[in-house]
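Student: Here you go, one structure.
The values are calculated or read from the model by the stated rules, or taken from the named source; none is laboratory data. No experiment lies behind these values; they were computed from the predicted model shown. In this analysis, Cβ positions are derived from the backbone assuming ideal geometry, glycine residues included, and neighbour counts consider all displayed protein chains. The protein model used for the area step is the full one, side chains on, heavy atoms only, and it has no ligands, DNA or RNA in it. Shrake-Rupley method; radii C 1.70, N 1.55, O 1.52, S 1.80 Å.
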Amino acid sequence: MSDDHTHVQEFFTARADDWDSRFPDDGPAYAAAVADLGLREGDRVLDAGCGTGRALPPLRAAVGPTGVVLGADLTPAMLQAAVRAGRHRAGRLLLADVAALPLHSGCLDAVFAAGLIAHLPHPVENLRELARGVRRGGVLGLFHPLGRAALAARQGRRITPDDLRAEANLRPLLARSGWRLTSYVDEDARFLALAVRED
């Protein structure tokens, strides 16, 4: 396991037990972001870096009983928290690294990723791996329940020019990874970038 993985696992393991209680009001923002993905009954969707699985119930509601919902996370403690919250009933949980998904190429219709991009050690390669799992024309949703400025203020820091979520940085990053940015929203109440799988 690389140092990158160890750091991410340590960070989230220490926070897994009280993660949901720290952000108790995020549910509606997750549901709204999932709705913007445009999922249909029977679609196959991955929540990449699913954490405690907060997106799994709205994803299940969007794809219905015939759809497939997967939640992949690198940290066992976060997946255990998802089970304790009962969210494993909305989708199948996978202990997996999004940099090497245990999925066939093109098997997904969409990927939802909440707060993931800041934790990717190799963003171009990692986003390319997400693209590999999605069919041509499939969708990627990069989400956070706070916009960049609000999140920076909460964390007591300033936004820097190299912020990957800045539109000027994100658009070419996605393009190099097999995605085309189609929608970009960065407001205090949420961040949501939608992209389509192109190649």
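Student: Among (1) in a strand (DSSP E or B); (2) buried (at least 16 other Cβ atoms within 10 Å of the Cβ); (3) free of Cβ contacts under 8 Å to residues at least 40 places away in the same chain, where does residue 150 come up short?
Tutor: Checking residue 150 against (1) in a strand (DSSP E or B); (2) buried (at least 16 other Cβ atoms within 10 Å of the Cβ); (3) free of Cβ contacts under 8 Å to residues at least 40 places away in the same chain, the one that fails is (1).
Student: Filter the stretch 160-169 down to the residues that are open to solvent by 70 Å² or more (accessible area, probe 1.4 Å) and either among the aliphatic types (A, V, I, L, M) or in contact with a helix residue (DSSP H, G or I) (Cβ under 6 Å, 6 or more places away or on another chain) (or both) and list them by number.
Tutor: Within the stretch 160-169, just 168 meets the criteria.
Student: Exactly one of (1) open to solvent by 50 Å² or more (accessible area, probe 1.4 Å); (2) in contact with a helix residue (DSSP H, G or I) (Cβ under 8 Å, 6 or more places away or on another chain); (3) at pLDDT below 95 is unmet by residue 118. Its number?
Tutor: Here residue 118 meets the rest and fails (2).
Student: Of everything in the stretch 170-199, what is acidic (Asp, Glu) and open to solvent by less than 70 Å² (accessible area, probe 1.4 Å)? Give them in sequence order.
Tutor: Residue satisfying the conditions is 186 alone.
Student: For the stretch 21-93, give me every one of the helices (runs of 4 or more DSSP H) that falls completely inside it and has 3 or more residues that are closer than 28 Å to residue 181 by Cβ.
Tutor: Those helices (runs of 4 or more DSSP H) span 27-36, 56-63.
Student: Can you name the condition, by its number, that residue 109 falls short on among (1) assigned to a helix (DSSP H, G or I); (2) surrounded by 15 or more Cβ atoms within 10 Å (Cβ to Cβ); (3) charged (D, E, K, R)?
Tutor: It is condition (1) that residue 109 fails.
Student: Further question on the same structure: Can you list residue pairs whose Cβ atoms sit under 8 Å apart, with the first residue in the stretch 116-136 being touching a residue at least 12 places away in the same chain (Cβ under 8 Å) and the second being of a type in the set (S, T, N, Q) and open to solvent by 70 Å² or more (accessible area, probe 1.4 Å)? Count only pairs 6 or more apart in sequence or on different chains.
Tutor: 132/105; 133/105
Student: Does residue 73 satisfy the criteria of being buried (at least 19 other Cβ atoms within 10 Å of the Cβ) and of a type in the set (D, E, K, R)?
Tutor: yes
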